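Shown next, in structure tokens, is the structure this report addresses.
Just so you know, all these numbers are worked out from the coordinates, no wet-lab data involved. As the structure is a prediction and not an experimental result, all values here were calculated from the model. Positions of Cβ are backbone-derived with ideal geometry, glycine not excepted, and every protein chain shown enters the neighbour counts.
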Amino acid sequence: MLIRAHHIFCIQGFIGKGYSEQFIENMENIIEKLDNSDPLIEITNAPDCICTACPRLKVSDSQSGNDKISLLGCEVESEVKILDRKVADSLGIGFGKHYPYSELLKKLKYIDEEKFDYICSGCQWYSLGYCKKRIIGI
């Protein structure tokens, strides 16, 4: 399963609210798979299985008559890549590397309030506090 680094945090704080019904349904399905198994996660800093249902995802139409859709990234891709880098560095994980989901969850235990605030304070969902509460218990 391909997951953006910062989505490791987002998954923890997700409470069934989001951009659209399609996004919520997709995220709930992904979380169910993660909770019911221990899949191997490939860490990325590009659009992933969560992004595919996000209305902020930019896609290109079919190219040269072929039906392939290209995922170009988020409307705020440069900001999202910074989040991905901060999370990857804080968890000690690398892009393109594979980790069992359970191992990623164990790494979250080393995130304290200072690290969390450094990583996430610029996120639009930060002020709601869901992720912070679930990741560091505050």
Between Leu2 and residues 5 or more places away or on another chain, the pairs with built amide H atoms under 5 Å apart involve Glu42, Cys49
By counting other Cβ atoms within 10 Å of each Cβ, how are Tyr101, Tyr118, Tyr126, Tyr110 ranked from fewest to most?
Tyr110, Tyr118, Tyr126, Tyr101
Mind listing the phi-derived Karplus ³J(HN,Hα) values for the stretch 21-33, rounded to whole Hz, using 6.51, -1.76 and 1.60 with θ = phi - 60°, and x for any glycine or proline?
4, 4, 5, 4, 4, 4, 5, 4, 5, 5, 4, 4, 4
Set Lys33/Lys115; Lys17/Lys132; Lys17/Lys97, cut-off 24 Å on Cα-Cα distance; pairs above it are Lys33/Lys115; Lys17/Lys97
Order by neighbour count: Val80, Val87, fewest other Cβ atoms within 10 Å first, most last.
Val80, Val87
